[in-house]
Every structure is written in C-alpha cells, then in structure tokens.
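Below is one structure, written out as structure tokens; the observations come after it.
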Amino acid sequence: MHKALYIIGFPSLYGGAGAELYHQLQVWERIGMEIHFIPTQDDVQKNPLYSEMAACGSTIHNAFDWSVIPDGAPVISFCNQEFLNSLPEIRQRSRRTIFVNCMTWLFGKEKEAMQRGDIALFLYQNENVKTNLMPRLKALNDDANIRFMSFRPYFDDAAFPFMGKRLSDWFGAGHISRQEDDKFSKDILKIYEYFSSPIEKRGFFLGFDARSQAKTGEPPAWIETYHDHNDLSQQEFYHRCHIILQPTDTTENWPRIGFEAMASGSVLIVDKRGGWEQMIEHGKTGWLCENTGDFIAYASKMAWEPHLREDIAAAARERGRKLGGMEASLESREEVFYSLDQLPE
C-alpha cells in the first residue's frame, strides 16, 4: 500500500470540503500515511490550521507546485476546482488521481476531466450518490480502468459537546448553512412562525446575508441572523438550538451539520431526501419532512414533548458515532488505499 499521499488543497475548521478533509486526516494518520499538502492558495501560512498541520508532521509544499509529486504517487482532492483545472499538469506526474465530489451533482470541469480520462478514481461519501453519478460519468468515457468507490467519512465529535437536558425558559430553533439562497426554503419563515411552543420561541440563522434574505424575506425580530461562524461559533449555535429546523431547496449528499447536530444534542428536522434519508431514522434519531406541514408539526412536537426530544437526541448521538466512527472509516479507507495499487501508473 502506498504510504505517501499528496493532497491538493488545505483543510479548514468550517465549511464543506475543507472541514471534511480536516476530519479525514485523523484516519490517514492512523493508517500511517505520510501526508503532503499542495495548497491552492498562495497565503496558506495565514490559514488557522497551518501551524497544527506543520506540527503534526505533515509536509506543506508551495502552492500549485506539482513538481514535488513523485512519479505514480496517489494524489487526492476534495471538491477543489483548482485541482480539476490543473489535472492535465498533475497527470504528467502521476496517473493515480483521486477526486472526492462532496456534492450530488457533477462539476463541468469534472465531466471534462472524465472525457479526457484524467481521474483514475472517483470517491463518494454516499453510496446512493455514487450509484446516481457513476453512469452519467461512464457515458462520457467507458474506460474500464476508471474506478468508482464509496467510503465512510470520519467525524470527530470531540469539538461538539453533547447537551442532553437544556435548562432554559425559551425554545431554540436554528438553521445552519452557507448563505446561498437554495439553502433556504421559500417557506422557512412561515414554518418558524407557525410551529407552536409552550414557551417563548427563539430562532437562529447561522449563515445568512443579502442572498438569503432575497429568498426568504426579512426574518422577524425573534430570529437572530449571523453571517458566518466568525459572528457566532457553531458550538454556541448548537448550544442555543433545541432543534435544527432546516427546510431547504437542495438535496444534500452526506451533510456534516448532521453529525455536528447529533453530537451536540440538537434534534434534526430536515427534508426527506438525499443523505438525510440514510443518516436519520425517522422518529428515532430525528424527523424527515415531505412538506411544510411536516416541518411545523415535528417542530411543535419537539417543543411540547421535551422528554421525547431528549430521548431522540440521545439516540441520535449514538447513531452519529456509528455512522461516522473511526473503526468503520478505517476499514473503508484501507480498502480504498489498497485499491490504489491496482490503478494504472
């Protein structure tokens, strides 16, 4: 098995692929991988995780310096547009190229790379997404040497302390996402307004700006909005939220906020589609909604039945650990890296 891994991009504490990468590094270290970063940002020294990555023994190369890639070394990137743009150059150094698409749809550059045969292995966090996207990619290039695999992403819940019993004289509901308008249902304010609670309601939107407001309208005074984690930390957000009331217009892949909420004890009330359907056991570890009325009904139920909410939160915590635990992730990752030896050089 290859022991050196070249990562195109750099981890981050918050937000999508960068945070996904940050958690997976722990798995690779357990396997004994030698980690090399080739950043796609010129000022990577300013990244909050730069010192941590250097201190743990990772090698951080200059940005966009493909010349450091040894012949035939495995090269991986998580949802990085610069990786897709640079694949023709990277492939001159190694044909063991791995792309992790964290979305449920194909990038234009991803399709172009498939047509050229520039990606050797497509990796997915979600088996259903793989099943959906694989035939669309194979229609562009039927090379049997191009491989498709799924893996179990690891989630380290240490940074998200669990809160079972929440002693407050108000009931908190929250939405957390990027600020893009499709992350919000047009009915979100209606849902927040119409769900009932025996005590005062308070709302929190973490990830909200002019784009979001253009979709939703102006939130009422009892809903506090924050642009991003610099204004309100994710941990404080979950601390305030008894429930994550999250109607959207998107289909999520394998949402990391699900793991954050499960670890924190905030009960998930989300759309019945995408990765949520695999992550949540309806009525046991959260609630899956098919329409506006479902969101209102389940949010009200959680406000009026605190003991049930606490039971669901506890069950969800265990569910999250089962789905994103180290052992399951180690097993699937070892399978992926052993398969690299079978890829053409």
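Just checking my list [x] 21.0, 65; [y] 18.9, 57; [z] 21.1, 71 against Rg and Dmax of the Cα atoms in Å computed from this structure; which label fits?
Of the listed options [x] 21.0, 65; [y] 18.9, 57; [z] 21.1, 71, [x] comes from this structure.
Go ahead and run the numbers for FRET between Ile31 and Glu305, Cβ-Cβ distance against an R0 of 45 Å, rounding to 0.05. Provide the component values of the computation, followed by the final result.
Working: r = 44 Å, r/R0 = 0.97.
The pair Ile31/Glu305 has a calculated efficiency of 0.55.
Quick check for me: using +1 on Lys/Arg Cβ and -1 on Asp/Glu Cβ, what's the dipole size of the stretch 158-324 about its Cα centre, in debye to the nearest 20?
Values: 21 positive and 25 negative charges, 92 e Å.
Once rounded to the nearest 20, the dipole reads 440 debye.
Just grab the label-to-label distance for Asp143 and Asp228, each label 7 Å out from Cα along the Cβ direction, in nm (one decimal).
Simple spin-label model gives 3.6 nm for this pair.
Using amide H atoms built 1.01 Å from N in the peptide plane, name the residues 5+ places from Met163, or on other chains, whose amide H lies under 5 Å from its own.
Gly265
So what's the gap between the Cα centers of the stretch 209-251 and the stretch 1-59, to the nearest angstrom?
Each part's Cα centre sits 29 Å from the other's.
Size of the dipole of the chain about the Cα centre, Lys and Arg at +1 and Asp and Glu at -1 on the beta carbon, nothing else charged, in debye to 20? Could you put the intermediate results ahead of the total?
Values: 37 positive and 49 negative charges, 97 e Å.
The dipole of the chain has a size of about 460 debye.
If you filter the stretch 213-312 for GluC sites (Glu not before Pro), then keep DSSP loop positions with at most 16 other Cβ within 10 Å, what is left? The partial results should precede the final answer.
Numbers: sites: Glu224, Glu236, Glu252, Glu260, Glu277, Glu281, Glu290, Glu310; in loops: Glu252, Glu281, Glu290.
Passing both the DSSP loop test and the Cβ count: Glu281, Glu290.
Build a GNM of the chain with springs between Cα atoms under 10 Å: which of Glu180, Glu52, Glu34 gets the top mean-square fluctuation?
In this elastic network of the chain, the residue with the biggest mean-square fluctuation among Glu180, Glu52, Glu34 is Glu52.
At 0.36 nm per residue, and after removing the present C-alpha to C-alpha distance, how many nm does the segment from Arg136 to Ala63 gain when stretched out fully? All intermediate terms of the calculation are to be shown ahead of the outcome.
On the way: separation 73, 0.36 × 73 = 26.28 nm, distance 3.22 nm.
Length gained, Arg136 through Ala63: 23.1 nm.
Quickly estimate the mean residue ellipticity at 222 nm for the chain, helices only: each DSSP H run with n ≥ 4 gives -39500 (n - 2.57), and the total goes over all residues, rounded to 500. List each step's numbers first, then the result.
Details: 13 runs with 134 residues, N = 345.
After summing the helix terms and dividing by the residues of the chain, the value is -11500 deg cm²/dmol.
Distance between the C-alpha centers of the stretch 130-168 and the stretch 303-345? Whole Å please.
With the stretch 130-168 and the stretch 303-345 each reduced to a Cα centre, they are spaced 10 Å.
Given a cut-off of 18 Å, name the pairs among Lys165/Lys301; Lys109/Lys215; Lys186/Lys215; Lys183/Lys215 whose C-alpha atoms lie farther apart than that in the structure shown. Mind showing how you got there, number by number?
Numbers: Lys165/Lys301 16 Å; Lys109/Lys215 29 Å; Lys186/Lys215 6 Å; Lys183/Lys215 10 Å.
Too far apart for the 18 Å limit: Lys109/Lys215.
In nm, to one decimal, how far is the Gln342 label point from the Asp43 one, both placed 7 Å along Cα→Cβ?
Placing both labels 7 Å along Cα→Cβ, they lie 4.5 nm apart.
Under a point spin-label approximation (7 Å from Cα along Cα-to-Cβ), what is the Leu106-Glu281 distance to one decimal in nm?
Going by the 7 Å Cα→Cβ label model, 3.7 nm.
All of the numbers you see were taken from the coordinates with simple rules; none came from a lab. Only a predicted model underlies this, so the values are computations on that prediction, with no experimental measurement involved. Note that each Cβ is placed from the backbone with ideal geometry, even for glycine, and that neighbours are counted across all protein chains shown.
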